[in-house]
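Written below as structure tokens is the structure these notes are about.
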Amino acid sequence: MPATVSDQILDRLHAWGVHRVFGYPGDGINGLMGAFGRQQHGMAFVQVRHEELAAFMATAHAKFTGEVGVCMATSGPGAIHLLNGLYDAKADHMPVVAIVGQSARTAIGGDYQQEVDLHSLFKDVAHEFVHTAMAPAQVRHLIDRAMRIARDQRTVTCVIVPHDLQELDAVTEPPRAHDTVHTGIGWTAPPGVPDESQLRAAADILNAGERVAILAGAGALHAGDALIQVAERLGAGIAKALLGKMAVPDDLPFVTGAIGLLGTKPSWTLMNECDTLLMVGSHFPYAEFLPKEGQARGVQIDIDGRRVSTRYPMEANLIGDSRLTLEALLPHLVHKPDRRWRERIESEVSDWWRLMASRAMVEAHPVNPQRVFWELSPRLPAQAILCCDSGTAAGWYARDLKAQAGMMGSVSGGLASMGCGVPYALAAKLAHPERPVIALVGDGAMQMTGINTLVTIAHRWRDWADPRLVVMVLDNADLNMVTWEQRVTAGDPKFEASQTLPAFPYADYARLLGLEGIRVDRPGDVAGAWDQALAADRPTLLQMVVDPDVPPLPPHVEKKQMLQYAKALLHGDPDARGVIAATLRELWANVAKRP
């Protein structure tokens with residue numbers, strides 16, 4: 001039997017180094033499903049429970065491997081379902097290729113069943129490259145360009161394959177004729193180091209500064225050692241955007257932790273009192289958490305020239321790989337003998353961690369969510385991979401968990417989508433079956449996508465070298481982050497119809513699937529539950545029944561926020577009494593800093 005277009009697509013993806021494809025079948029991609037059954041190179045098709053999960057998992061695969069993630073969906077509804085996960089990849093600049101089916105070429109334009117204008121649908125999310133294969137001779141260059149552009153531009157690309165084309169004979173080598181395209185496989189990253197004059201100009205700015213602050217983002221995840229060397233040379237503190245949490249360990253005394261609404265008081269001080277800002281691999285968007293314009297001189301390092309000087313007006317912009325650029329910059333930097341700025345930052349960091357310990361142990365009803373994360377920190381296994389969902393879980397992840405060298409972790413950063421945590425964790429485990437993986441999610445996200453993904457986890461875990469995958473659910477029966485936003489930003493009381501979640505027996509459900517399930521509703525049981533989950537012989541769900549009234553306090557509370565908060569509580573918030581009590585306990589912890 002001659003090879004079909006579908007066979008050729010899979011062979012070409014494999015030649016590009018693709019080992020697995022995340023997707024869900026449908027008759028619009030039956031030709032591709034048939035090719036998966038015939039292929040001999042071992043490429044895995046990972047069947048998910050919903051196409052959105054396929055796109056999330058392709059994004060996570062890219063995040064945790066550095067490879068191009070690939071997802072696949074049928075025409076019409078299947079293609080539409082991919083979009084949220086693909087936007088997650090786009091927002092976090094991850095290379096993902098989507099391959100989607102389409103109605104037969106003879107039916108396109110005829111308002112046919114499941115026919116959707118896929119070019120228009122994908123043109124925003126895959127704006128760098130979205131094309132439909134209309135002839136077998138196109139397929140080679142469409143796959144090659146989709147893969148190459150996704151990797152080079154760190155973006156989403158899309159190839160649309162009508163289902164009748166999938167069954168045609170492949171044209172592996174187009175004719176040597178006019179109007180044909182002949183592409184090859186392979187991509188080499190540019191060296192990515194600015195020239196010496198640019199490095200010296202940036203160094204002059206950094207050397208002149210007396211109070212240097214460094215902000216590290218996702219683009220600095222591979223540059224940790226160089227970041228530390230630069231910080232030591234300059235006497236600087238290092239703050240981290242949420243996607244850059246794993247760039248440097250949190251046990252270093254000059255690492256101030258997260259920045260922003262989910263950030264720390266030391267990061268707030270670092271940004272508000274620095275006179276020089278070095279931003280590395282970050283596009284952190286919130287101006288109110290960066291230095292005031294004119295306060296600090298700025299240097300930015302980014303691999304994409306389109307992204308420099310868009311968050312703060314920089315004097316020097318270095319376009320290149322963050323690690324290579326920092327290493328090239330180091331010989332031009334002068335050691336600062338005056339360490340008063342560094343000592344100030346280290347003192348604030350030390351005070352902050354004492355405060356976190358105190359807050360974690362504050363009484364709550366039944367369990368303080370901060371304690372859940374605080375107790376996990378010293379128990380984190382070496383080489384763990386952490387996957388956090390959006391919501392208050394992200395706040396506790398940002399502040400209470402200490403990143404350690406050798407770990408990986410991620411969130412839906414730019415899109416801040418709910419529902420990413422558990423599919424991220426599954427994709428991480430499939431890519432690194434020998435490493436322990438932990439998903440940290442709220443009950444809203446768990447009900448949205450996590451329950452479905454547990455089915456896939458139950459189906460696949462026996463294939464893993466290390467069976468430890470822990471899904472921790474903050475069960476507070478509340479869409480908690482939005483509830484707090486209603487109070488503090490809008491001044492509205494909690495709207496129960498939108499915010500209260502139905503009860504669900506998460507731990508019982510996990511056990512029903514053959515996994516381990518542990519329900520915790522007493523503070524003294526939190527540490528032991530983590531120990532049990534991290535020693536289990538199978539994936540484990542931890543249902544932590546936590547107090548929704550514990551406030552996710554920002555590093556700096558504005559007067560307007562305080563007034564809105566008071567307004568919400570005075571206008572009929574159903575949880576006002578508990579919220580006031582929990583807030584007072586948190587504020588007392590700020591004063592007492594009791595161990």
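The values are calculated or read from the model by the stated rules, or taken from the named source; none is laboratory data. Computed from a prediction, not measured in an experiment: that's the story for all the values here. Note that we place each Cβ from the backbone using ideal geometry, even for glycine, and neighbour counts take in every protein chain shown. Areas reflect the complete protein model, heavy atoms only, side chains present, ligands, DNA and RNA absent. Shrake-Rupley method; radii C 1.70, N 1.55, O 1.52, S 1.80 Å.
For the chain, give the percent of accessible area contributed by carbon and sulfur heavy atoms, probe 1.4 Å, rounded to a whole number. Can you show the working numbers first?
Values: 12460 of 23310 Å².
It is 53 percent, rounded to a whole number.
Using a Förster distance of 41 angstrom, determine the FRET efficiency expected from the C-beta separation of Trp187 and Arg577, and round it to 0.05.
On the way: r = 60 Å, r/R0 = 1.46.
With a Förster radius of 41 Å, E is 0.10.
Within the set Lys240/Lys402; Lys240/Lys494; Lys494/Lys567, which residue pairs have Cα atoms separated by over 23 Å? Don't skip to the end; give the middle numbers.
Numbers: Lys240/Lys402 12 Å; Lys240/Lys494 31 Å; Lys494/Lys567 12 Å.
From the list (Lys240/Lys402; Lys240/Lys494; Lys494/Lys567), the Cα-Cα distance tops 23 Å for Lys240/Lys494.
Report, largest value first, the span of the C-alpha coordinates of the chain along each principal axis, in whole Å.
Cα extents, longest axis first: 77, 63, 46 Å.
In the P(r) worked out for the stretch 389-533, what percent of Cα pairs fall beyond 28 Å? Intermediate values should be presented prior to the final figure.
On the way: 2000 of 10440 pairs.
Result for the distance tail: 19 percent.
Hey, what did the chain get for relative contact order, percent, Cα under 8 Å, at least 6 apart? Spell out each step's value before the answer.
Working: 1326 pairs, mean separation 69.8, N = 595.
Answer for the chain is 12 percent.
Averaging over every viewing direction, what projected area does the convex hull of the Cα atoms of the stretch 470-595 cover, in nm²? Intermediate results must be reported in sequence, preceding the final value.
Values: hull surface 36.9 nm².
Spelled out: convex hull of the Cα atoms, projected over all directions, averaged, 9.2 nm².
If you average the alpha carbon positions of the stretch 296-355 and of the stretch 359-382, how far apart do those two centres end up, in angstrom?
Taking the Cα centre of each part, the stretch 296-355 and the stretch 359-382 sit 31 Å apart.
Starting from the Cα of Arg379, step 7 Å toward the Cβ, then list every residue of the stretch 449-481 with an amide N under 19 Å from that point.
Flagged as within label range: 467-476.
Would the stretch 326-440 count as rounded, prolate or oblate if I go by the C-alpha gyration tensor, calling it rounded below 1.5 in a/c and otherwise prolate when a/b exceeds b/c, oblate otherwise? Please report the intermediate quantities before stating the final value.
On the way: a/c = 2.17, a/b = 1.27, b/c = 1.71.
The shape class here is oblate.
Heavy-atom accessible area per residue, the chain, 1.4 Å probe: how many Å²? Present the calculation step by step, with values, prior to reporting the outcome.
Numbers: 23310 Å² over 595 residues.
On a per-residue basis, 39 Å².
Using 0.36 nm times the number of residues separating Asp225 and Asp508, minus their current alpha carbon distance, what extension gain do you get?
That works out to 97.5 nm of additional length.
For Thr489, project a label point 7 Å along Cα to C-beta. Then give me every residue of the stretch 201-243 with its amide nitrogen under 20 Å of that point.
Only 241-243 pass the distance filter.
Can you give the % of DSSP beta bridges in the chain that are antiparallel, to the nearest 5?
Details: 2 of 69 bridges.
DSSP beta bridges in the chain are roughly 5 percent antiparallel.
Simple spin-label model, 7 Å along Cα-to-Cβ: Gln47 to Lys123 in nm?
3.6
Can you give the percent of C-alpha pairs in the stretch 73-158 whose distance is more than 22 Å? Mind showing how you got there, number by number?
Details: 853 of 3655 pairs.
The proportion of pairs with Cα distances above 22 Å equals 23 percent.
Where the only charges are on Cβ atoms (+1 Lys, Arg; -1 Asp, Glu), what is the dipole of the chain about its Cα centre, to the nearest 20 debye?
Working: 55 positive and 67 negative charges, 214 e Å.
In debye, rounded to 20, the chain gives about 1020.
Assign unit charges at the C-beta atoms only (+1 for Lys and Arg, -1 for Asp and Glu), then state the dipole size of the stretch 387-462 relative to its Cα centre in Debye, rounded to the nearest 20. Intermediate results must be reported in sequence, preceding the final value.
Numbers: 6 positive and 4 negative charges, 47 e Å.
Taking the Cα centre of the stretch 387-462 as origin, the dipole is about 220 debye.
So if R0 is 41 Å, what FRET efficiency would Gln561 and Glu196 give, r being the distance between their Cβ atoms, rounded to the nearest 0.05?
With R0 = 41 Å, the Cβ-Cβ based efficiency is 0.30.
What's the extension gain from Arg344 to Asp275 if we count 0.36 nm per residue and subtract their Cα-Cα distance?
Taking 0.36 nm per residue and subtracting the Cα distance, the gain is 23.4 nm.
Kindly provide the GluC sites (Glu not before Pro) of the stretch 227-293 that DSSP labels as loop, not H, G, I, E or B, and whose Cβ sees at most 16 other Cβ atoms within 10 Å.
On the way: sites: Glu232, Glu273, Glu288, Glu293; in loops: Glu293.
Taking the stretch 227-293 and a limit of 16 other Cβ atoms within 10 Å, the loop GluC sites (Glu not before Pro) found are Glu293.
Sum up the charges of everything whose Cβ sits under 10 Å from the Cβ of Val46, counting Lys and Arg as +1 and Asp and Glu as -1, but leave Val46 out. Kindly include the intermediate steps, with their values, before the conclusion.
On the way: positive: Arg20, Arg460; negative: none.
That works out to +2.
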